[in-house]
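Below: the structure, in structure tokens.
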Amino acid sequence: MNDGTSSPGTRVLGALTLIGMAVLLAFALVISPADETQEETVRMFYVHVPTALVAFGAFFLTVAASVGYLLRRSEGWDVMAGASAEVGAVLLAATLVSGMLWGRVTWGVYWTWDARLTLTALLFVLVLGYLAVRRLPLERERRSRLAAVVGLLLGPATVACHYATTWWRTLHQGPTITTADAKMDGTMLFTFFLGMVVFGLLYVWLLVHRFRVLWLEHRVEDLGLDEAIAERRREAVGVS
Amino acid sequence: MLRDAALVAGKDLRLEARSRVALNQVAPFALLVLMLFAFALDPDRGILARVTPGLYWVAVLFSGLLAVQRAFAVESTDGVADALRLSGLDPAGVFLGKVAAVAVQLLALEVLLGLGVVVLYGADPSSVALLVPTCLAATLGLAAAGSVYGILAAGLRVRETLLPLLLLPVLAPVLIAATSAFESALGGFPGEGWRWLGLLVVFAALYTGLGLATFGVLLEDG
């Protein structure tokens with residue numbers, strides 16, 4: 001057994017992520033050109049959008065793993081749902097912060113209550129609620145069951161958040177990459193996809209580690225329980 | 001399933017008719033919230049009239065939270081939860097019954113608060129055609145989402161703090177949609193409000209469906 005939660009696989013993954021980040025920074029800040037309308041602020045895009053999309057993906061994995069838990073009742077699904085939501089929350093926080101900074105520069109305000117921003121903030125609070133349920137001092141199986149149901153409910157919120165710009169008229173700009181008439185510079189498009197890949201790698205890397213940590217936390221809980229049972233047994237033997 | 005629902009709803013409403021907790025505590029609380037808003041915003045009619053829809057729904061949300069907490073507090077003491085599980089009632093029926101009972105109490109609260117804003121804030125309730133369906137759809141959404149999270153938090157030691165954290169963000173879309181629908185109804189241009197009513201209906205249907213599907217799992221807990 002090694003001392004941490006790393007394995008040869010995650011070390012490679014981690015190294016790739018870090019190298020990818022460095023390359024992404026180079027492309028985002030130096031190599032890719034400034035935008036015609038947004039000028040230099042467009043560079044925010046390469047962090048803001050990938051973190052958002054990867055965070056949405058993370059919540060979908062939480063929803064899927066919650067369904068998996070409710071169907072199979074196996075610990076792995078439960079831990080997977082929790083780990084994915086935790087990493088997703090961090091990425092969504094990054095989205096919010098980068099978005100606020102970007103908004104300050106282009107809209108003049110950090111925050112405005114349009115549908116996309118409102119729903120993102122709500123989604124963030126919902127995830128915090130989900131993580132709070134995961135920390136309830138309960139019997140593990142009961143906690144997992146509650147968490148799975150709350151996790152399931154992240155699904156509609158994530159979908160609404162993702163399609164907010166399409167469903168409502170918003171200040172926030174709508175889908176840019178998938179729109180057919182989008183004329184995006186090749187380097188910019190490449191930088192964006194690089195961002196997706198790098199933040200995807202970061203997500204998987206952190207997910208594996210969080211999965212292992214949560215798994216070990218459960219083992220520690222079990223140890224505590226076994227210990228307590230053994231102690232009661234010893235007491236009983238001592239009396240008789 | 002519907003028969004079970006009627007049984008549970010009947011039980012809850014009888015409980016309320018005899019204990020009068022909603023009548024004697026939640027309803028005065030709701031009116032108190034309306035008065036506090038008036039104090040906070042300076043009873044200058046100009047401001048109050050503009051923000052009436054929002055204040056109305058915030059008041060409904062807060063007093064509704066109390067009603068939900070109460071509806072599930074009665075299920076979590078004295079081994080009632082076990083009895084409910086052993087009763088053999090269909091979980092979906094129990095869910096619908098709870099939703100119905102909470103919805104009836106919420107509707108009564110909304111009528112009371114409606115009278116409150118008409119009298120205290122000078123609101124003009126003439127667009128009844130939009131106001132009433134908005135109330136009905138919003139109430140169903142509140143009751144359905146409230147019941148899912150209410151049973152989830154019931155019986156936990158941290159339920160008083162956990163329930164608002166879980167429930168309020170979920171109910172935010174109801175607050176937004178109902179407020180917008182009310183704004184257009186009270187402002188005299190009801191045409192805008194129908195889209196928001198649609199959103200309320202979708203929300204209510206979504207949470208009723210989720211509740212029907214997951215209530216069995218949630219009831220397993222003691």
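The values are calculated or read from the model by the stated rules, or taken from the named source; none is laboratory data. Here the structure is a predicted model, which means the values were calculated and not measured. For neighbour counting, all protein chains shown are included, and Cβ atoms are generated from backbone atoms with ideal geometry for every residue, glycine included. Just so you know, the surface numbers come from the protein's heavy atoms only, side chains and all, with ligands and any DNA or RNA stripped out. Shrake-Rupley method; radii C 1.70, N 1.55, O 1.52, S 1.80 Å.
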(request) Return the pairs, sorted by first residue and then second, in which the second residue is of a type in the set (Phe, Trp, Tyr) and open to solvent by 10 Å² or more (accessible area, probe 1.4 Å), the first residue lies in the stretch B:147-168 and is facing another protein chain (nearest Cβ under 9 Å) and touching a residue at least 40 places away in the same chain (Cβ under 8 Å), the beta carbons are less than 8 Å apart, and the residues are 6+ apart or on different chains. (result) B:Val148/B:Tyr207
(message) I'd like the residue in the stretch A:135-153 that is over 16 Å from A:Leu61 (Cα atoms) and in a helix (DSSP H, G or I) and, out of all such residues, is farthest from the other protein chains (Cβ to nearest Cβ).
(response) A:Arg140
(message) Considering only residues that are in contact (Cβ under 8 Å) with a residue 12 or more places away in the chain, assigned to a helix (DSSP H, G or I) and open to solvent by 50 Å² or more (accessible area, probe 1.4 Å), which ones fall in the stretch A:81-117?
(response) A:Val90, A:Leu101, A:Val105, A:Thr106
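From the residues in the stretch B:41-93 that are assigned to a helix (DSSP H, G or I) and among the charged types (D, E, K, R), which one is most open to solvent (accessible area, probe 1.4 Å)? Working first, answer last.
Within the stretch B:41-93, the first condition is being assigned to a helix (DSSP H, G or I), and the residues that meet it are B:45-76, B:80-86, B:91-93.
After this cut, where a residue has to be among the charged types (D, E, K, R) as well, the list is B:45, B:50, B:70, B:75, B:82, B:85.
On the way: B:Arg45: 132, B:Arg50: 173, B:Arg70: 73, B:Glu75: 9, B:Asp82: 74, B:Arg85: 84 Å².
Filtering the stretch B:41-93 for residues that are assigned to a helix (DSSP H, G or I) and among the charged types (D, E, K, R), the one most open to solvent (accessible area, probe 1.4 Å) comes out as B:Arg50.
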(request) Would you tally the residues in the stretch A:94-120 being touching a helix residue (DSSP H, G or I) at 6+ places or on another chain (Cβ under 7 Å), within 14 Å of chain B (Cβ to nearest Cβ) and over 22 Å from A:Leu202 (Cα atoms)? (result) 3
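Restricting to the stretch A:14-43, what's the tally of residues that are of a type outside the set (D, E, K, R), free of Cβ contacts under 8 Å to residues at least 60 places away in the same chain and part of a helix (DSSP H, G or I)?
We begin by selecting, within the stretch A:14-43, every residue of a type outside the set (D, E, K, R); these are A:14-34, A:37-38, A:41-42.
From what's left, free of Cβ contacts under 8 Å to residues at least 60 places away in the same chain: A:15, A:18-19, A:22, A:25-26, A:29-30, A:34, A:37.
Imposing the further condition that a residue be part of a helix (DSSP H, G or I) reduces the set to A:15, A:18-19, A:22, A:25-26, A:29-30.
Qualifying residue count for the region: 8.
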(message) Pull out all pairs, ordered by first then second residue, where Cβ-Cβ is under 9 Å, the residues are six or more apart or on different chains, the first lies in the stretch B:68-95 and is more than 22 Å from B:Thr208 (Cβ to Cβ) and free of Cβ contacts under 8 Å to residues at least 60 places away in the same chain, and the second is open to solvent by 50 Å² or more (accessible area, probe 1.4 Å) and not aliphatic (A, V, I, L, M).
(response) B:Gly79/B:Gly222
(request) Inspect the stretch A:157-173 for any residue being at pLDDT 85 or above, in contact with a helix residue (DSSP H, G or I) (Cβ under 7 Å, 6 or more places away or on another chain), surrounded by 16 or more Cβ atoms within 10 Å (Cβ to Cβ) and more than 10 Å from every other protein chain (Cβ to nearest Cβ) and give the result as yes or no. (result) yes
(request) Test each condition in (1) away from chain A (no Cβ under 11 Å); (2) touching a residue at least 60 places away in the same chain (Cβ under 8 Å); (3) assigned to a helix (DSSP H, G or I) for B:Leu107 and report the one that comes out false. (result) (2)
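With the condition kept exactly as written, say whether any residue in the stretch B:1-16 is closer than 27 Å to B:Leu166 by Cβ, touching a helix residue (DSSP H, G or I) at 6+ places or on another chain (Cβ under 7 Å), of a type in the set (Val, Ile, Thr) and in contact (Cβ under 8 Å) with a residue 24 or more places away in the chain.
So the first thing to find is which residues in the stretch B:1-16 are closer than 27 Å to B:Leu166 by Cβ, and the list is B:1, B:4-5, B:8-9, B:11-13, B:15-16.
Checking which are touching a helix residue (DSSP H, G or I) at 6+ places or on another chain (Cβ under 7 Å) leaves us with B:1, B:4-5, B:8-9, B:12-13, B:15-16.
Still in the running and of a type in the set (Val, Ile, Thr): B:8.
With in contact (Cβ under 8 Å) with a residue 24 or more places away in the chain added as a condition, the list becomes B:8.
Yes - at least one qualifying residue is present in the stretch B:1-16.
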